[in-house]
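To keep things clear, I will list the structure first and then write my remarks on it.
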Amino acid sequence: MRITSKLILFIISMAFLSCSKPNSYDILIRNGLILDGSGEEGIYADIGINADTIAIIGDLSGAVGKQELDATGLAVAPGFINMLSWANVSLIEDGRSQSDIRQGVTLEVLGEGRSMGPLNEKMAAGMAENQGSIQYEVSWRTLGEYMNFMEKKGISPNIASFVGNGTVREYVMGYENRVPTEEELSQMESLVQQAMEEGAVGLSTSLIYVPSGHAQTEEIIALARVASRNNGMYISHIRDEEGKLLEAVDELIRISEEADLPAEIYHFKASGTANWHLLDSAIQKVNNAREKGLAITTDMYMYNASSTGLNVLLPAWAKEGGHDKTIELMGKPALRKKMIREVDFHVPPENILLVGFRNKDLRHLIGKTLAEVALERGKPANETVADLIFEDDSRIQVVYFSMSEDNIKKKLALPYMAICSDAGSYTNEGVFLEQSTHPRAYGSFARLLSHYVREEKVIPLEEAIHRLTLLPATNLKLDRRGALREGYFADVVLFDPEKITDHATFKEPHQYATGVIHVLVNGVPVLADGEHTGAFPGRFIKGPGFKAP
């Protein structure tokens, strides 16, 4: 056996414990394979938990627990971190977070380019008016107020959030596509500063969407410097994931360097068959930046299909003013025809799956491809795109089959690659069944551990746990999260590495993963013997710039 410093310390601790008196703990986990998040080889040991904290790790054969969990045959790991979650609305409806909790996720990181605050009165009214099946009162105005609202309401997982430049820009400038005045930029900087002091973990952008993408690089650098002064990070859905992927990576690296802060690329990929070959060069750019000392990282989900709006196929000018403006332009025959002519299929219509409609009369189309619907309607696919968006009065959620399986394995092998779902966290009942979704909402983390670790052996189990835990926790500068260490918060997952499996498919996505047995959040069981306990111990996890009011 390889002798490591961790193993030596473990032997010493066991010797000490054998001479000490038996102790009592709130929860005692026995006989598990401890994968502590470091990426090092696991050890068999016990864990004693008091209140919300890991009290001790070692041989606790002489100790007792008010509640004891037998982890024989199971791996014991820190709670998993979802680096890109859209659970901000789904958790309002159902705080149990079942699709993610059942995969071991104990922290949802929100805010890809848009965050739940800050909101002015117009934005709050728009958020209320544009709700779908999930209805809620918009009672907050700042990001911190939203996060506190969620914690008080009751949620099973912890939550953290970036502040989105798209939200900040809309607050100050609406959807205007221009360079901000000095006064407007100063106001945006103040809003980012406020969000960082309220607990945001950094600044995010989503540059293929408006109004986030209206920001030029210099504007983003200015806002990123605010995040940097608060010890936060920058994270981005970069400006292009297709033919201009390399230029988009260059932009992120420039922002990181000039604003002097770590930066991460959301769901790193080369999208579209014609662009798959660009991934190698994009990886090399990231590696070169890291060799220069820049803290550039990436995250990904475990599927060869992305999910976003059908409206991304429309020309840029048609989306510039936001959704309401798009619908207004579609009402003008000449502009509608121009819009249809300029629809850009980065993947063919037969590879575009319709999964979400606002209009109940269109929901019978869920599960069909755009090509199938166009054929049914007897119209060209580009005209069908415009028709559906207009009829649904929404961007329409779709799945694009646009990525390479070989590239997925290549990305996963990168030592700085964290994991995300890029989806909400749902319960497979009630209002959530009114729409389809991408299977990543139910399976991204389990698929990593089953398909890519156990079956394909792309990375070893202990490395996968590192990517799910300590790597993102370190990037986010979280306090005592992401590892199984004495004094750390007791976010803990017990799972069977031989049985953990994702079951969600593109045709039937609302299926829970299996193989996760127990999940603790802040020392409270939220999953016990594979079933949700109904507990809501989740907290608002604040970034390093937080200042108590």
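The values are calculated or read from the model by the stated rules, or taken from the named source; none is laboratory data. From a predicted model like this one, the values you see are computed outputs, not experimental measurements. Virtual Cβ from ideal backbone geometry, glycine too; neighbours counted across all protein chains shown. When the accessible area is computed, the model is the full protein with side chains, heavy atoms only, and any ligands, DNA or RNA have been set aside. Shrake-Rupley method; radii C 1.70, N 1.55, O 1.52, S 1.80 Å.
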Among helices (runs of 4 or more DSSP H) entirely inside segment 127-209, those with 1 or more residues being closer than 28 Å to His267 by Cα, open to solvent by 40 Å² or more (accessible area, probe 1.4 Å) and acidic (Asp, Glu) are 143-153, 182-198
Residue count, segment 361-374 (criterion: open to solvent by less than 30 Å² (accessible area, probe 1.4 Å), in contact with an Asp or Glu (Cβ under 7 Å, 6 or more places away or on another chain) and either without any contact (Cβ under 8 Å) to a residue 12 or more places away in the chain or more than 17 Å from Leu433 (Cβ to Cβ) (or both)):
1
Among the numbered criteria (1) open to solvent by 30 Å² or more (accessible area, probe 1.4 Å); (2) within 30 Å of Glu184 (Cα to Cα); (3) over 23 Å from the mean Cα position of the chain (by Cα), which single criterion is violated by Gly243?
(2)
Would you confirm, using the coordinates I've provided, whether Leu35 is surrounded by 15 or more Cβ atoms within 10 Å (Cβ to Cβ), touching a Leu at 6+ places or on another chain (Cβ under 8 Å) and modelled with pLDDT under 95?
no
For segment 217-260, give me each residue that is in contact with a Leu (Cβ under 7 Å, 6 or more places away or on another chain), of a type in the set (S, T, N, Q) and assigned to a helix (DSSP H, G or I).
Ser228, Ser256
Mind checking which residues of segment 361-402 are β-branched (Val, Ile, Thr) and assigned to a helix (DSSP H, G or I)?
Val373, Thr384, Val385, Ile389
Selection within segment 47-80 - touching a Pro at 6+ places or on another chain (Cβ under 6 Å) and in a loop (DSSP other than H, G, I, E, B):
Gly62, Ala63
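Within segment 449-468, track down each residue that is within 15 Å of Thr505 (Cα to Cα) and open to solvent by less than 20 Å² (accessible area, probe 1.4 Å).
Residues of segment 449-468 that are within 15 Å of Thr505 (Cα to Cα), as a first pass: 450-451.
If the condition is that a residue be within 15 Å of Thr505 (Cα to Cα) and open to solvent by less than 20 Å² (accessible area, probe 1.4 Å), then Ser450 is the only one that fits.
Please find, among Ala274, Ala282, the residue that is open to solvent by 10 Å² or more (accessible area, probe 1.4 Å), assigned to a helix (DSSP H, G or I), touching a residue at least 24 places away in the same chain (Cβ under 8 Å) and not acidic (Asp, Glu).
Ala274
What helices (runs of 4 or more DSSP H) completely inside segment 298-360 contain at least 3 residues that are in contact (Cβ under 8 Å) with a residue 24 or more places away in the chain?
Counting at least 3 such residues, we get 323-330, 333-341.
Keeping to segment 483-507, report how many residues are charged (D, E, K, R), under 21 Å from the mean Cα position of the chain (by Cα) and either farther than 16 Å from Val519 by Cβ or open to solvent by 30 Å² or more (accessible area, probe 1.4 Å) (or both). Reasoning before the result, please.
To start, the set of residues in segment 483-507 that are charged (D, E, K, R) comprises 485-486, 491, 496, 498-499, 502, 507.
From what is left, the residues that are under 21 Å from the mean Cα position of the chain (by Cα) are 491, 502.
Next, only the ones that are either farther than 16 Å from Val519 by Cβ or open to solvent by 30 Å² or more (accessible area, probe 1.4 Å) (or both) stay: 502.
Within segment 483-507, residues that are charged (D, E, K, R), under 21 Å from the mean Cα position of the chain (by Cα) and either farther than 16 Å from Val519 by Cβ or open to solvent by 30 Å² or more (accessible area, probe 1.4 Å) (or both) number 1.
Any idea how many residues of segment 107-148 are more than 23 Å from the chain's Cα centre (by Cα) and of a type outside the set (S, T, N, Q)?
Let us first name the residues in segment 107-148 that are more than 23 Å from the chain's Cα centre (by Cα), namely 120-126, 128-129, 137, 139.
Next, only the ones that are of a type outside the set (S, T, N, Q) stay: 121-126, 128-129, 137.
So the count comes out to 9.
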Residue ID - surrounded by the fewest Cβ atoms within 10 Å (Cβ to Cβ), chosen from residues in segment 109-125 that are out of contact with any Leu (no Cβ under 9 Å at 6 or more places or on another chain) and not aliphatic (A, V, I, L, M)
Glu121
Neighbours by Cβ (under 7 Å, 6+ apart or cross-chain): first from segment 464-483, in contact (Cβ under 8 Å) with a residue 40 or more places away in the chain; second in a helix (DSSP H, G or I)
Leu468/Phe445; Arg481/Ala473; Gly482/Leu470; Gly482/Pro472; Gly482/Ala473; Gly482/Thr474; Ala483/Leu470
Could you tell me which of the residues Phe506, Phe546, Phe540 is closer than 30 Å to Lys457 by Cβ and among the aromatic types (Phe, Trp, Tyr)?
Phe506
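If I ask for residues that are in a helix (DSSP H, G or I) and either open to solvent by 60 Å² or more (accessible area, probe 1.4 Å) or within 19 Å of Asn351 (Cβ to Cβ) (or both), which ones from segment 286-296 would you list? Step through it out loud before you land on a result.
Start the filter on segment 286-296 by keeping residues that are in a helix (DSSP H, G or I), which leaves 286-291.
Scanning segment 286-296 gives Asn288, Arg290, Glu291.
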Looking at segment 301-317, is at least one residue open to solvent by 30 Å² or more (accessible area, probe 1.4 Å) and of a type in the set (Gly, Ala, Ser)?
yes
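Within the bounds of segment 106-116, is there any residue that is touching a Gly at 6+ places or on another chain (Cβ under 8 Å), within 29 Å of Ile220 (Cα to Cα) and polar (S, T, N, Q)? Steps first, please.
As a first pass, look at segment 106-116 and keep what is touching a Gly at 6+ places or on another chain (Cβ under 8 Å): 106-107, 111-115.
Still in the running and within 29 Å of Ile220 (Cα to Cα): 107, 111-115.
Now restrict to residues that are polar (S, T, N, Q): 115.
Yes.
Kindly indicate which of Leu527, Leu476 is touching a helix residue (DSSP H, G or I) at 6+ places or on another chain (Cβ under 6 Å), more than 30 Å from Ile352 (Cα to Cα) and either open to solvent by less than 10 Å² (accessible area, probe 1.4 Å) or of a type in the set (Asp, Glu) (or both).
Result: Leu527 is the single residue among Leu527, Leu476 that is touching a helix residue (DSSP H, G or I) at 6+ places or on another chain (Cβ under 6 Å), more than 30 Å from Ile352 (Cα to Cα) and either open to solvent by less than 10 Å² (accessible area, probe 1.4 Å) or of a type in the set (Asp, Glu) (or both).
Taking only segment 433-448 into account, find how many residues are aromatic (Phe, Trp, Tyr) and either surrounded by fewer than 19 Cβ atoms within 10 Å (Cβ to Cβ) or farther than 12 Å from Ile419 by Cα (or both).
The initial filter retains those residues of segment 433-448 that are aromatic (Phe, Trp, Tyr), namely 442, 445.
Narrowing the set further to residues that are either surrounded by fewer than 19 Cβ atoms within 10 Å (Cβ to Cβ) or farther than 12 Å from Ile419 by Cα (or both) leaves 442.
Residues in segment 433-448 being aromatic (Phe, Trp, Tyr) and either surrounded by fewer than 19 Cβ atoms within 10 Å (Cβ to Cβ) or farther than 12 Å from Ile419 by Cα (or both): 1 in total.
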I need the full set of residues from segment 26-51 which are touching a residue at least 24 places away in the same chain (Cβ under 8 Å), among the charged types (D, E, K, R) and either in contact with a strand residue (DSSP E or B) (Cβ under 6 Å, 6 or more places away or on another chain) or more than 14 Å from Glu486 (Cα to Cα) (or both), in order please.
Asp26, Arg30, Glu40, Glu41
